[in-house]
Amino acid sequence: MKQKPFTGSHSLLRSLEHEGVEMMFGVPGGAILPAYDPLLDSPIRHVLARHEQGAGHMAEGYAMASGRVGVALTTSGPGATNLITPLQNAKMDSTPLVAITGQVASAAIGSDAFQEAHTTGLAMHCTKHSYLVTDADRIPETVHEAFHIAATGRPGPVLIDIPKDVLTTPTSWLTPTLAGLPGYKPTTHGHPMQIRAAIELIESAQRPVLYVGGGVIRAGASAELVAFAEAANAPVVTSLMARGAFPDDHRLALGMPGMHGVYTATTAIQKCDVLVSLGARFDDRVTGDVKAFAPEAKVIHVDVDPAEIGKVRHADVPVVGDARLVLRAMIERLLSLRDRGEAPPRGDWFSQLAEWRRDKPLRYEQAEDGPIKTQFFIERLHTLVGGEAIVTAGVGQHQMWASQFWRFRRPGTWINSGGLGTMGFAVPAAIGAKAARPNETVFALDGDGCFQMTFQELITASTEDIPVKVAVFNNGGYGMVKQWQNLFYSGRVSASDLGTTVPDYPMLAEAMGCVGLRVKHPDDVDVTIDKAMAIDDRPVVIEVVTDPDEMCFPMVPAGGSNDRVVMGPEDL
Amino acid sequence: MSQHTLSVIVEDKPGVLARISAMFSNRGFNIHSLAVGPTHVEGRSHITVVVDAPELEQLKKQLHKLVNVIRVIELDQIEALESEVMIARVACDPTDRGTLGETAAMFTARMVDLSPTTMTFEVAGSPQHLSSFVENMRPYGIVDLVKSGRVAMKRLSEVAPVAMGNPT
């Protein structure tokens, strides 16, 4: 039998194997067909998504749960345009992703061919970098560069667009190098002088706060963060992207600051004299009105991306570097000073924080007869799984409540769409996370509005044997939109009502090969969760019928000062 | 809003210019002038960009973030060697050719085209040199005018020469 020639497709698969890829998420189609043939002979597992957006979010969930580069594989045209949302999502949340898209044949590019889109042009605005491969011999080098760029510095999505004829051209394998990247040299080690200056400022602080962002998780710096916070004796706030970077049950943990943050976390920043930003980017959801943000604070800004420093808030001490390496250097510097004494006690500061914690806790009221509050379900779930699960979320009220009420213990257990705010992220991201961490319980906490955007990926979960669990909090609408309409549009509820009866979620779940459950009464919450936890051979969907009128607090209205935290409707 | 000149060394790869101009528009900066060309080093291009921006720090950092960008240098007016080429078509009756030609000669402008009603000059030099030329041609009536983008390089000599305006 004549041996098949080694083509661009074979080179692509071999390149992915060379990068250590074990799993990818995709949907085939015309232009990418050549790559799907050698896939049959590859050890790489391909998870067949039902929509390219789902494939992209799965790859993100995989990356966020595993710390590895997620890979998505789709065809040209609509296959590529459907990936745009995951690419931008990954860019905003600095998730390492490599997306490979088929392209029409080289000779047809620019001719408005069937399923043609100018993919690299589209991707230019929503990737860290992108490639159009015009020569099959360059595939190994391109893939190697793409993985390097995606995973290093500030991680992010990289797209590789490959015309069909490049995939079918005979080529040969060349072990790739990074010689072709003269302009890409991320700074990872913080400058020693800046680190000394930072430590001096932190040591002299009366009211320091460590403001931690998702960069600490991406850098794998959680252990260093705990060690540093303890050595510096400084309280820690964790942004939405950083939940899990610092254990919530730690004495120094204040929780999430910002628009729907914990009062103590938001207010601690407002009153601090030194703010140490670690892998955070002063997002508008954290700062509120920037001019009124942390008015008394000197700012130390540690980030691997120099463009983040000074972008929103002037940094008194800028430190460019990888969070883990910088934290290590800061710990070392701090401990070398400690030969001469203990950490500053900062008694007044800690009693002030304790007072805020006592007086302004997160709260909600669960009536005995219902309706179920989402917060209550999340707290029960946390208790019943012993806090041991990976949770994903969509975007909106349920996401904020999940971030507020889940007590995170370790990094990589909170997977949500922070920067872009992509509704529909929870279900596919959960599938990616479960694929990466099959031995963990993965629970998607989702809203009914979000669920309706991507639920078809539960067919992927069923058929690919990825038994995720999903709680759909059904409040019959886009809860956060409705909340804003109630608060800022005189209660004129426009286009945010979805109704509670259609679809029938348990039936829908069953139709997709999942187990469908429904809970309406608070008394039944525990038994329903137990039932869901007992099933591990199929995905489970619990419809949680919740209070349609519940609003998410605390709240700082958009653009408002973080000095004015609204604790509940009575404050408005 | 002030004008800044940036000298950007990039890899000569497809799409580099598109990435750079996209970054400018994404971040809300307005490009005043842009010139691209190869350097003496194989695979490297030099982009000179004149931009209207209140401050440059963020812009420079965003440029640096582009994978194909190798070096970004901000040039202030004193330390920049700047040059542009312009072709200007000026209205001119045959009787005026003498005086117009004399004026043009003062700017070392070269006549490149002649018609019964116009004279067309090519002139190169610093931006100030070119604008001075334009001012002196204006009374005759400028019919058409095209400029290359500005190219610039850092000056190494300590003291700027007196005749900054004249390239020859």
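Worth pointing out:
- In the range A:118-133, the residues that are at the interface with another protein chain (Cβ under 7 Å from one of its Cβ atoms) reach residues that are of a type in the set (Gly, Ala, Ser) with C-beta atoms within less than 6 angstrom, at least six apart or across chains, in these pairs: A:120/A:130; A:124/B:22.
- Some residue of the range B:10-23 being in contact (Cβ under 8 Å) with a residue 60 or more places away in the chain, within 17 Å of residue B:149 (Cβ to Cβ), more than 10 Å from chain A (Cβ to nearest Cβ) and buried (at least 17 other Cβ atoms within 10 Å of the Cβ): no
- Some residue of the range A:164-174 being free of Cβ contacts under 8 Å to residues at least 40 places away in the same chain and either more than 19 Å from residue A:218 (Cβ to Cβ) or surrounded by fewer than 18 Cβ atoms within 10 Å (Cβ to Cβ) (or both): yes
- Qualifying residue in the range A:122-142 (condition: touching a His at 6+ places or on another chain (Cβ under 6 Å) and not assigned by TED's automatic domain parsing to the domain that holds residue A:320): no
- Of all positions in the range A:56-66, at least one carries a residue that is polar (S, T, N, Q), within 13 Å of the chain's Cα centre (by Cα) and within 20 Å of residue A:91 (Cβ to Cβ).
- Pick from the range B:112-135, criterion in contact with a helix residue (DSSP H, G or I) (Cβ under 9 Å, 6 or more places away or on another chain) and surrounded by fewer than 15 Cβ atoms within 10 Å (Cβ to Cβ), ranking: nearest to residue B:82 (Cα to Cα): B:114
- From the options A:50, A:68, residue that is of a type in the set (Lys, Arg) and closer than 17 Å to residue A:464 by Cα: A:50
- Test: residue B:137 is part of a helix (DSSP H, G or I) and either within 14 Å of chain A (Cβ to nearest Cβ) or within 20 Å of the chain's Cα centre (by Cα) (or both): yes
- A residue that is touching a Pro at 6+ places or on another chain (Cβ under 6 Å), of a type outside the set (A, V, I, L, M, F, W, C), within 14 Å of another protein chain (Cβ to nearest Cβ) and part of a helix (DSSP H, G or I) occurs somewhere in the range A:144-163.
- Filtered by the rule that a residue be in contact with a Ser or Thr (Cβ under 6 Å, 6 or more places away or on another chain), of a type in the set (Val, Ile, Thr) and part of a loop (DSSP other than H, G, I, E, B), the range A:451-506 gives no residues.
- Every listed requirement among (1) outside any strand (DSSP E or B); (2) within 14 Å of chain A (Cβ to nearest Cβ) is met by residue B:105 save one, (2).
- Residue satisfying condition, being within 23 Å of the chain's Cα centre (by Cα) and among the charged types (D, E, K, R), within set A:457, A:510: A:457
- Residue match in the range A:301-311 (condition: more than 20 Å from the chain's Cα centre (by Cα), on the phi > 0 side of the Ramachandran plot and surrounded by fewer than 24 Cβ atoms within 10 Å (Cβ to Cβ)): yes
- Residue in the range B:87-104 that is at pLDDT 95 or above and within 30 Å of residue B:20 (Cβ to Cβ) present: yes
- Screening A:374, A:392 for residues that are in contact with a Phe, Trp or Tyr (Cβ under 9 Å, 6 or more places away or on another chain) and over 24 Å from residue A:87 (Cβ atoms) leaves exactly one candidate, A:374.
- Of all residues making up the range A:254-307, the number that are assigned to a helix (DSSP H, G or I) and closer than 12 Å to residue A:213 by Cα: 1
- The single residue among A:12, A:16, A:33 that is surrounded by fewer than 22 Cβ atoms within 10 Å (Cβ to Cβ), at pLDDT 95 or above and within 22 Å of residue A:83 (Cα to Cα) turns out to be A:33.
- Unmet criterion (only one of (1) out of contact with any Gly (no Cβ under 9 Å at 6 or more places or on another chain); (2) within 22 Å of residue A:265 (Cβ to Cβ)) for residue A:532: (2)
- Looking across the range A:175-192, the residues that are within 14 Å of another protein chain (Cβ to nearest Cβ) and in contact (Cβ under 8 Å) with a residue 24 or more places away in the chain come down to A:178, A:180, A:181, A:184, A:186, A:187.
- So residue A:199, is it in contact with a Pro (Cβ under 6 Å, 6 or more places away or on another chain) and either among the hydroxyl-bearing types (Ser, Thr, Tyr) or in contact (Cβ under 8 Å) with a residue 40 or more places away in the chain (or both): no
- Selection of the range B:122-140 for residues being in contact (Cβ under 8 Å) with a residue 24 or more places away in the chain and closer than 24 Å to residue B:48 by Cα yields B:122, B:123, B:124, B:125, B:126, B:127, B:128, B:129, B:130, B:132, B:133, B:134.
- Restricting the first member to the range A:301-318 and to residues that are within 11 Å of chain B (Cβ to nearest Cβ), and the second to residues that are of a type in the set (D, E, K, R) and in a strand (DSSP E or B), the beta-carbon pairs closer than 6 Å and six or more apart or on different chains are A:309/A:303.
- Applying the condition of being assigned to a strand (DSSP E or B), more than 14 Å from chain A (Cβ to nearest Cβ) and of a type in the set (D, E, K, R) to the range B:46-102 and asking which residue is surrounded by the most Cβ atoms within 10 Å (Cβ to Cβ) yields B:84.
- Test result for residue A:463, modelled with pLDDT of 95 or more, among the β-branched types (Val, Ile, Thr) and surrounded by fewer than 17 Cβ atoms within 10 Å (Cβ to Cβ): yes
The values are calculated or read from the model by the stated rules, or taken from the named source; none is laboratory data. Note that the structure is a prediction, hence the values are computed from the model and not measured. Backbone-built Cβ (ideal geometry, glycine too); neighbour counts: all protein chains shown.
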